Amino acid sequence: MIEVLGVHKSFGPLEVLRGVSLDVAAGEVVVVLGPSGSGKSTLLRTINHLEKVDRGYITIDGELIGYRRRGGKLHELKEREILKQRKDIGFVFQNFNLFPHLTALENVAEVAALSDARHFLERVGLADKAAAYPRQLSGGQQQRVAIARALATRPKVVLFDEPTSALDPELVGEVLDVLRDLARSGTTMVVVTHEIGFAREVADRIVFIDDGLIVEEGTPGEVLDHPVHERTRAFLSKVL
Ligand SMILES: Nc1ncnc2c1ncn2[C@@H]1O[C@H](COP(=O)(O)OP(=O)(O)OP(=O)(O)O)[C@@H](O)[C@H]1O
Ligand SMILES: [Mg+2]
């Protein structure tokens, strides 16, 4: 469903992704682990073309993201076409990114029909908060609204960038419960998180990124319990 092939990305002299390739099957849940600055957010942002790649390419369900191939060359899509592609790619940010002047329902209805907005608010357990503004909601509830919004376009894949790391510890569980439910129902997901317990329970595969490269990947049992690479071991010894 997601194909990332040989992706390179630099910011000025800093090469942040140095040839990343990753395939995610339909219904698969991939958790991305890695130290701060290793390129995790940049990888997610290239998948929905919030960042342009310098080399390599990305496809979702076989469709090239951000570009069209014509006469053997790649041409960047127009903004309107990119926005259309992004409807296939749900994105959940660390800091929710809700509109403060819109209610929960209006935030979701920004991207979808009202009936879908209601449906997905209910899906994340917030039907009773439809009329509340973000400032009237807890962090966990705001993040669940953001997840409803990401689901409301019925995307083919959903990308999560540290969805719980801005939350107070007692609110992490309710958001992870929603992710767990999505995973069980067959949503194709890529989740950047430091919640190792969640990764162990929910991930089909864990990918460890360091310094812009995938260093190691495998099942949770393989990567968490029997890491092969020294850098994976060093990282895990700090977070476990
Ligand atoms: N727009 C940008 N311009 C310049 N440098 C950037 C930009 N975005 C990211 N970087 C740099 O790229 C590197 C990787 O950043 P990225 O946000 O992908 O890391 P990360 O693995 O998500 O880290 P964290 O765990 O802290 O979120 C960092 O050194 C960061 O400072
Ligand atoms: Mg990040």
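Filtered by the rule that a residue be open to solvent by less than 80 Å² (accessible area, probe 1.4 Å) and over 18 Å from the mean Cα position of the chain (by Cα), region 77-112 gives Leu77, Glu81, Leu102, Thr103, Ala104, Leu105, Asn107, Ala109, Ala112. Counting the residues of region 47-81 that are free of Cβ contacts under 8 Å to residues at least 40 places away in the same chain and among the β-branched types (Val, Ile, Thr) gives 1.
The residue list Ser41, Ser10 contains one member that is more than 26 Å from Asp181 (Cβ to Cβ), among the hydroxyl-bearing types (Ser, Thr, Tyr), modelled with pLDDT of 95 or more and open to solvent by 20 Å² or more (accessible area, probe 1.4 Å), which is Ser10. Considering (1) closer than 30 Å to Leu240 by Cβ; (2) in contact with a strand residue (DSSP E or B) (Cβ under 9 Å, 6 or more places away or on another chain); (3) of a type in the set (S, T, N, Q), the lone condition that Gln85 does not fulfil carries the number (1). Within region 48-76, being in a loop (DSSP other than H, G, I, E, B), closer than 20 Å to Ala26 by Cα and either open to solvent by 20 Å² or more (accessible area, probe 1.4 Å) or of a type in the set (S, T, N, Q) (or both) holds for Asn48, Asp61, Gly62. None of Arg55, Arg80 is among the basic types (Lys, Arg) and in contact with a strand residue (DSSP E or B) (Cβ under 9 Å, 6 or more places away or on another chain) except Arg55.
Does at least one position in region 129-136 carry a residue that is surrounded by fewer than 21 Cβ atoms within 10 Å (Cβ to Cβ), basic (Lys, Arg) and within 28 Å of Glu3 (Cβ to Cβ)? There is no residue in region 129-136 that is surrounded by fewer than 21 Cβ atoms within 10 Å (Cβ to Cβ), basic (Lys, Arg) and within 28 Å of Glu3 (Cβ to Cβ). Which residues, counting only those in region 173-196, are crowded, with 19+ Cβ neighbours inside 10 Å, in contact with a helix residue (DSSP H, G or I) (Cβ under 9 Å, 6 or more places away or on another chain) and of a type outside the set (Gly, Ala, Ser)? Correct list: Val175, Leu176, Val178, Leu179, Leu182, Thr187, Met189, Val190, Val191, Val192, Thr193, Glu195. Inspect region 151-158 for any residue being over 18 Å from the mean Cα position of the chain (by Cα), surrounded by fewer than 23 Cβ atoms within 10 Å (Cβ to Cβ) and closer than 26 Å to Glu28 by Cα and give the result as yes or no. No, because not a single residue in region 151-158 is over 18 Å from the mean Cα position of the chain (by Cα), surrounded by fewer than 23 Cβ atoms within 10 Å (Cβ to Cβ) and closer than 26 Å to Glu28 by Cα. The residue list Phe91, Phe96, Phe120 contains one member that is without any contact (Cβ under 8 Å) to a residue 40 or more places away in the chain and either assigned to a helix (DSSP H, G or I) or of a type in the set (Phe, Trp, Tyr) (or both), which is Phe120. Per the listing Ser36, Ser41, the residue uniquely free of Cβ contacts under 8 Å to residues at least 12 places away in the same chain, of a type in the set (Ser, Thr, Tyr) and within 16 Å of ligand 1 (Cβ to nearest atom) is Ser36. Here region 10-33 is the region considered, the condition is being in a strand (DSSP E or B) and touching a Gly at 6+ places or on another chain (Cβ under 8 Å), and the residue that is farthest from ligand 1 (Cβ to nearest atom) is Ser21. Scanning region 171-228 for residues that are small (Gly, Ala, Ser) and away from ligand 2 (no atom under 16 Å from the Cβ) turns up Gly173, Ala183, Ser185, Gly186, Gly197, Ala203, Gly218, Gly221.
The values are calculated or read from the model by the stated rules, or taken from the named source; none is laboratory data. Keep in mind it's a predicted model, so treat the numbers as computed, not measured. Here Cβ is always computed from backbone atoms with ideal geometry, including for glycine, and neighbour counts include all displayed protein chains. These accessible areas exclude ligands, DNA and RNA; they are computed on the full protein's heavy atoms, side chains included. Shrake-Rupley method; radii C 1.70, N 1.55, O 1.52, S 1.80 Å.
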